[in-house]
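*Asks:* What follows is a structure written as structure tokens; I'll ask about it next.
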Amino acid sequence: MSAGDVQPLAGMSDLCAPEIFLWQRVEDTCRQLFHRYGFTEIRTPLLERLSVFTRAIGEGTDVVQKEMYTLQDRGGREIALRPEGTAGVMRYVAGGGPERAEARLYYLGPMFRAERPQAGRRRQFHQIGAESLGPPSPAADAECIALLTHLLRDLGVSGFNLQINTRGLPEDRAAVAAALRAALGPQRSALCEDCQRRYETNPLRILDCKQAECRAIVKALPPISDHMAAETRAYLAGVLRLLKRLDISAQINPFLVRGLDYYIHTVWEITHPALGAQDALAGGGRYRMEVGGRTLDGVGFAIGMERLLLAMEAAGARPDDSAARPRVWLVAAGAAQTEDLLVLLQILRRHGINAGMDLSGRSLKAQMRAAHRAGAPWVVIRGDAEAAKGVYLLKDMTGGAQTEVELPELLRRLTAP
Ligand code: HAM
């Protein structure tokens, strides 16, 4: 094995202490809040049939064209690692009865996109997502945004920026595409190569292009909602009115279209100044999908976990390992004591006390070093003399005091706050 073989693949990371403690805190906070809003957890498989994603996300999107990890399984079936959570959740919903079409589901877990890794952009990243199934309603969209902003506040993230727009209904699409082609036609040759192709296939995607030359052209276009039906514009106005009543500030971004094709009506994105170039902290919107012969409607969002942690760290959040640290460390003064102390370990742990011990039969000195490394506030030392008296020597590692105690007193002291 070469030195490189012990590293994870580019754009993927091992998640471990100390950062893992912040991850777990975030996950606990999310679960609590999701339950308050009536959402239950779903864990869909990481691998799905390729068509689950291509159909839902759209053939013309960057995610499907450039970013998916696709492979053939041993039976020659085309499968893919999930690049996002919504498509798999909708596959689940389509496979069940009518009650699933009203479900409220959340998920926490890894997603995979073969992008060029950089700060805040990983090939395996993690999302916190929520999907609220049900027919279009500005109130449902506003509630979903309220959940997202509530979550960010509970996690101590402030200073974020919520941008919102409408993708309109399928009926609006022809008028929007025609208006975009008309407006972009004279400047077509100045667009990037991809966008010259998009001009023909799906001009809406040009609004999402990150190339400087395309952004400059897009900035001067009229809002796409100008070309949508009055009913569509009223829907967005309804969402904005409700957000105001819920005291959530949102800015209209007339060019926000989001990179996935399943959206209709409301779309939004949350950016954060602590994130640098990859500043999208969360994104979401209302969607409609045809899955398994059914039309499914819902609204949802996903937060990028790695980016969320960057924003939290910028606000001063630090991992807290106190719940995982040992409260007591046991030290055997004499090999004969190891067995008795193993029994004591079991008693302590059954009483809910975090307890540790070096079981490899090292010297007293080495065991005391291990005790210091573990950072336990208490150490129990037991030699032949203590064993003969039926006591334990309890050492307070902060003050240094040592007392001989019997088991009931030991338990009392170690469980005292
Ligand atoms: P998305 O905007 O593609 O939406 O991803 C949501 C969030 O995932 C982004 O805002 C970002 O924070 C994070 N993210 C995306 N790609 C990466 C990456 N390569 N590295 C690190 N973080 C990343 C969706 O995925 C939709 N399924 C959201 C949704 C749910 N819409 C409706 N329901």
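No value in this document is a laboratory result; all are computed from the given coordinates. Fair warning: this is a prediction, and the values are worked out from it, not measured in the lab. Don't worry about glycine lacking a Cβ; one is built from the backbone with ideal geometry, like all the others, and counts go over all protein chains shown.
*Asks:* Measuring from a point 7 Å past the Cα of ARG350 along Cα-to-C-beta, which residues in the range 393-413 have an amide N at less than 20 Å?
*Replies:* 406-413
*Asks:* Arrange the following residues from fewest to most other Cβ atoms within 10 Å of their Cβ: ARG369, ARG43. All intermediate terms of the calculation are to be shown ahead of the outcome.
*Replies:* Working: ARG369 13, ARG43 9.
Ordered by Cβ neighbours within 10 Å, fewest first: ARG43, ARG369.
*Asks:* Which order, highest average first, do 9-16, 34-41, 328-335, 309-316 follow once you tally other Cβ atoms within 10 Å for each residue and take the mean per peptide? List each step's numbers first, then the result.
*Replies:* Numbers: 9-16: 11.6, 34-41: 14.2, 328-335: 20.5, 309-316: 16.8.
Per-residue mean Cβ counts within 10 Å order the peptides as 328-335, 309-316, 34-41, 9-16.
*Asks:* Under a point-charge model restricted to the Cβ atoms of Lys and Arg (+1) and Asp and Glu (-1), what is the dipole moment magnitude of the chain relative to its Cα centre, in debye to the nearest 20?
*Replies:* 240
*Asks:* At 7 Å along Cα-to-Cβ for each site, give me the label-to-label distance between ARG412 and ALA230 in nm.
*Replies:* 8.1
*Asks:* Picking from VAL379, THR415, GLY300, whose Cα lies most toward the positive end of the charge dipole for the chain (charges on Cβ: Lys, Arg +1; Asp, Glu -1)?
*Replies:* GLY300
*Asks:* Spin-label point model (7 Å from Cα, Cβ direction): what's the GLU59 to ALA366 distance in nm?
*Replies:* 6.6
*Asks:* Could you work out how far the C-alpha centroid of the range 181-209 sits from that of the range 255-313, in angstrom?
*Replies:* 23
*Asks:* Under 14 Å from the Cα of LYS389, which aspartates and glutamates turn up, not counting those fewer than eight places away in the same chain?
*Replies:* Within reach: ASP340, GLU404, GLU406.
*Asks:* If you line up the long axis of helix 364-374 against the longest principal axis of the chain, both from Cα atoms, how many degrees apart are they, to the nearest 10?
*Replies:* The helix 364-374 is inclined about 30 degrees to the chain.
*Asks:* Note down the magnitude of the dipole of the range 316-417 about its Cα centre, charges +1 on Lys and Arg C-beta and -1 on Asp and Glu C-beta and zero elsewhere, to the nearest 20 debye.
*Replies:* So the dipole magnitude of the range 316-417 works out to roughly 320 debye.
*Asks:* In debye, nearest 20: dipole of the range 229-276 around its Cα centre with unit charges on the Cβ of K, R (+) and D, E (-)?
*Replies:* For the range 229-276, the charge dipole is close to 180 debye.
*Asks:* Another question, then. So what are the three principal axis dimensions of the chain from its Cα atoms, in whole Å, longest to shortest?
*Replies:* 94, 54, 43
*Asks:* Determine which lysines satisfy two conditions relative to LYS66: a Cα distance under 19 Å, and not lying fewer than 8 residues away in the same chain.
*Replies:* Cross-link targets: LYS210.
*Asks:* Please list 380-393, 46-59 highest first by mean number of surrounding beta-carbon atoms within 10 Å per residue.
*Replies:* 46-59, 380-393
*Asks:* Put +1 on the Cβ of each Lys and Arg and -1 on the Cβ of each Asp and Glu in the chain; which of MET90, ALA335, LEU207 then has its Cα farthest toward the positive end of the dipole?
*Replies:* So the residue furthest toward the plus end is LEU207.
*Asks:* Take the Cα of GLN402, step 7 Å along the line toward its Cβ, and report every residue of the range 329-343 whose backbone nitrogen sits under 20 Å from that point.
*Replies:* Label zone hits: 329-342.
*Asks:* Could you sort 342-349, 124-131 so that the peptide with the highest average Cβ count within 10 Å comes first and the rest follow in order?
*Replies:* 124-131, 342-349
*Asks:* Given only helices, namely DSSP H runs of n ≥ 4 each adding -39500 (n - 2.57), what is the per-residue ellipticity at 222 nm of the chain, to the nearest 500 deg cm²/dmol? Provide the component values of the computation, followed by the final result.
*Replies:* Working: 13 runs with 149 residues, N = 417.
Taken over the chain, the calculation gives -11000 deg cm²/dmol.
*Asks:* In whole angstrom, how far apart do the alpha carbon centroids of the range 1-73 and the range 341-417 sit?
*Replies:* With the range 1-73 and the range 341-417 each reduced to a Cα centre, they are spaced 42 Å.
*Asks:* So if each residue of separation counts as 0.36 nm, and I subtract the Cα-Cα distance between GLU102 and ARG327, what length gain in nm does that give?
*Replies:* Full-extension gain reported as 76.3 nm.
*Asks:* In straight Cα distance, which lysines are under 17 Å from LYS395, not counting same-chain residues fewer than 8 positions off?
*Replies:* LYS365
*Asks:* Here's a follow-up. Label 7 Å along Cα→Cβ of ASP28; the range 282-319 residues with amide nitrogen under 15 Å?
*Replies:* Residues 318-319 qualify, since their backbone N sits under 15 Å from the label point.
*Asks:* Run the quick spin-label model on GLN72 and GLU213: label points 7 Å from Cα toward the beta carbon, then report their separation in nm to one decimal.
*Replies:* About 3.8 nm, to one decimal.
*Asks:* Among DSSP beta bridges whose residues both lie in the range 276-417, state the antiparallel percentage, nearest 5.
*Replies:* Beta bridges within the range 276-417, antiparallel portion: roughly 65 percent.
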